[in-house]
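Before any comments, here is the structure.
The values are calculated or read from the model by the stated rules, or taken from the named source; none is laboratory data. Worth saying up front: this structure is predicted, and the values here are computed from it rather than measured. Note that each Cβ is placed from the backbone with ideal geometry, even for glycine, and that neighbours are counted across all protein chains shown. Accessible surface is based on the protein model in full, side chains and every heavy atom, while ligands, DNA and RNA are left aside. Shrake-Rupley method; radii C 1.70, N 1.55, O 1.52, S 1.80 Å.
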Amino acid sequence: KKLGERERSDKKIIIAEDSPLLRKLLHDTLTEAGFQRIDFFENGQEALAYLEGIVEANKDIKKEVQLLVTDIEMPQMDGHHLTKKIKTHPDLRKLPVIIFSSLITDDLRHKGEEVGAEDQISKPEIAELILRMDQLIL
């Protein structure tokens, strides 16, 4: 609410987060911030399969999804592997990725940069996450 009104309702956000508590917190906060098109996935593998499905259906990823937010530690595929797969995929690499994790140390920040994430934000800095989302998609 502190950030004021923004036109976010038409922006599609994909979030890969395995914690049910954090999914609810992100859903509630982002909805309050005006984001109405949010899809959650419990791990990187599910998020990647969804994105690859868009490409396989011959849809333009930039029109279908505007941003991916991912945790680092998740089952099946972690956020670093997910980001790397997106950034090395010819049709997905333009999709902005924000790593949102409590694990962002200097060492892991370097890893996030290495795999091509546009930004890395420490949990629970949700206001900072929303500001950065706006910068990347509006």
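Applying D = kT/(6 pi eta Rh) to segment 78-134, where Rh is the Kirkwood radius over alpha-carbon pairs, T corresponds to 37 °C and eta to 0.692 mPa s, the Stokes-Einstein value obtained is 285 µm²/s. Put the Cα centre of segment 86-106 next to the Cα centre of segment 23-66 and the gap is 13 Å.
When nucleic acids and ligands are ignored and a 1.4 Å probe is applied, residue 42 ends up with an accessible area of around 100 Å². Each other residue within a Cβ distance under 13 Å of residue 50 adds +1 if Lys or Arg and -1 if Asp or Glu, for a net charge of -3. Per residue, the convex hull spanned by the Cα atoms of the chain amounts to 95 cubic angstrom. If you take all other residues with their beta carbon under 13 Å from the beta carbon of residue 94, and give Lys and Arg +1 and Asp and Glu -1, the sum is 0.
Accessible surface of residue 31, taken over heavy atoms with a 1.4 Å probe and every protein chain present, rounds to 60 Å². The slack in the chain from residue 49 to residue 25, taken as 0.36 nm per residue of separation less the alpha-carbon distance, amounts to 6.2 nm.
A 1.4 Å probe, protein heavy atoms only, puts the accessible area of residue 12 near 20 Å².
Surface composition of the chain: carbon plus sulfur atoms contribute 46% of the solvent-accessible area (1.4 Å probe, protein chains only, all chains present).
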